[in-house]
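None of the figures in this text is laboratory data; all of them are computed from the coordinates on show. Everything quoted here is computed from the prediction, not taken from an experiment. Reconstructed Cβ throughout: ideal geometry from the backbone, glycine too, with neighbour counts over all protein chains shown.
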Amino acid sequence: MQSSRVRDLVVGLFVLAGLAAIAYLSLQIGGLSYKGPRGLELVASFDAVGGLSERAPVRIAGVKVGQVESIVLGDDLRARVTLDLDPRLELSTDTVGSIRTEGLLGDQFIELAPGGEEEILRSGDQLSFTESAINLEKLIGSVVHDARLGDGEEE
Amino acid sequence: MASELDDVAGLVQGEEPPALPHRALVRLGALVEALGARAQRLVLELGRMARFGAAIVLAAVRPPWRVRRLVFEVFDTGVLSLAIVGASGLTVGMVLALQGYNTLVRFGAEQSLGAVVGLSLIRELGPVLTGLLVTGRAGSAMAAQIGMMVSTEQIDGMRTLAVDPIHYVVMPKALAMSLAMPLLSALFIVAAVFGGYLVGVKLLGVDGGIYLTSLENAVEFGDDVLGSLLKACVFGLLVGLVATYRGYTTARSSQGVSASTTSTVVTASVCILVADYVITALWGV
């Protein structure tokens, strides 16, 4: 009977360890989060989101404060991005949201720049000011185009 | 059948020397016939296996619940496989990190090491390697044990005592395999991620935070982790079914036991690899 109880204990520990491993994979590595009390949810419309993906970080002054929850095409044919932010944040209504790139070619994220208004954004509000993703190819293209035009004028 | 056809060929040959194409045709006919017989046997076997699986499922939902037997079997398949699964996971993770680093560093992308190690482990290597290891470690033993009970007429003895051998012997084994596989696969992946961390961060000097961040950013719960668990569950069911079926249908001889053990490992391994492809193709995991 003694050995049977030891075996029960070992099997129980094995099952617990396995469940803990599954939980670690799901919660920590998989990023599955308990959607309990909703965070601050803001909506921002962009002309172009570039390579922005769901779960991309949202940062204020470089500090991560939330993530991109969904990206859909809005009725006005602009990209409608929903942000899931820390509920303790008090952002003024003139906060600017812009899509930035980590380094030159890194992953894209959303940078929020708080403004100076007294009023505070509530959950479900829409950001009034946004800056779209910078399209590097377009930028280079326009520079080359300008340079050619400049050459042409000189001749 | 084949020998009969040979006789016919011989008869024809005895009467008059036949044209060469005719003999070739008879040979071809025999070949096609043999193929047909094999195909029929395969279908028959699959049908029997499906019926056997249905019998296990029926036994599993019928009381008594056989909790003691189940715990015993989980100990045999799960706990005793833990050492080999953990050790393999650790070394696989270490090798992946080493190989991945050597390739990534050429493109200056060694920050993505965590993503490479994590994605390949969670999507493919974790469930598949665990499945193959557990097949070799526990599936073969399962088939051999049931096979031995069949060939020493213990199973018949149980029937005489009005104990359903599928309910008492087979069902707890198959169930234990299905339960242990996802747990072992998750432990394998965690051990491998740790092994990759050891080599990548401690040995090769990738930043620890960057390793884990790239891992966490690359892996999605819905796409990767859920798919990985689905694969492990399917593999567990397959291995449990194949091992118990092969054991239960063992020929009553020592040769029969060895044959059923071998065919368990071969069949279950092939099943795992084919199922892996099908799941990946269907769900894009």
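Points to keep in mind about this one:
- Charge-dipole axis of the protein assembly as shown as Lys and Arg at +1 and Asp and Glu at -1 on Cβ define it, positive-most pick from B:MET177, B:LEU132, B:VAL92: B:MET177
- In this label model, A:ASP75 and A:ASP94 are separated by 2.9 nm, measuring between points 7 Å along each Cα→Cβ vector.
- Rounded if a/c under 1.5, otherwise prolate or oblate - chain B, Cα gyration tensor axes: oblate
- Helix runs (DSSP H) in chain B reaching 18 Å along axis by Cα, Kyte-Doolittle at least -1.0: B:2-15, B:20-60, B:82-104, B:171-197, B:226-248, B:254-283
- For A:GLU41 and A:GLU102, the FRET efficiency from 1/(1 + (r/R0)^6), where r spans their Cβ atoms and R0 equals 30 Å, is about 0.80.
- Rounded to the nearest 500, the 222 nm mean residue ellipticity of chain A from helices alone is -9000 deg cm²/dmol, with -39,500 (n - 2.57) taken per DSSP H run of at least 4 residues.
- Choice from B:VAL270, B:VAL193, B:VAL134 with maximal GNM fluctuation in chain B (Cα, 10 Å cutoff): B:VAL270
- Here the dipole of the protein assembly as shown is about 3040 debye; that uses its Cα centre as origin and unit charges on the Cβ of Lys and Arg (positive) and Asp and Glu (negative).
- Order of B:THR152, B:THR261, A:THR82 - criterion: other Cβ atoms within 10 Å of each residue's Cβ, fewest first: B:THR152, A:THR82, B:THR261
- Crossing angle, helix A:136-154 versus chain A [Cα axis fit, 0-90 degrees, rounded to tens]: 10
- Stretching the chain fully between B:SER120 and B:VAL95 yields a gain of 7.8 nm (0.36 nm per residue, less the alpha carbon separation).
- Of B:ARG246, B:ARG38, the sequence from fewest to most neighbouring Cβ atoms within 10 angstrom is B:ARG38, B:ARG246.
- Placing pseudo-labels 7 Å out from each Cα toward the beta carbon at B:ARG41 and A:GLU137 gives an inter-label distance of 5.8 nm.
- Anisotropy class of the protein assembly as shown from Cα gyration tensor, a/c 1.5 cut: prolate
- In this simple spin-label approximation, A:GLU117 and B:VAL266 carry label points 7 Å from Cα along the Cα→Cβ vector, and these lie 7.4 nm apart.
- Sorted by Cβ neighbour density within 10 Å, fewest at the top, the residues A:SER3, A:SER98, B:SER214: A:SER3, A:SER98, B:SER214
- Annotation for segment A:1-103: chymotrypsin sites (Phe, Trp or Tyr not before Pro) lying in DSSP loop with at most 14 further Cβ atoms inside 10 Å of their Cβ are A:TYR34.
- Candidates A:ILE120, A:GLY51, A:GLY74 compared by Cα position along the dipole of segment A:40-141: farthest toward the positive end lies A:GLY51, with charges placed on Cβ.
- Electrostatic dipole magnitude of chain A [Cβ: Lys, Arg +1; Asp, Glu -1; Cα centre; debye, to 20]: 1500
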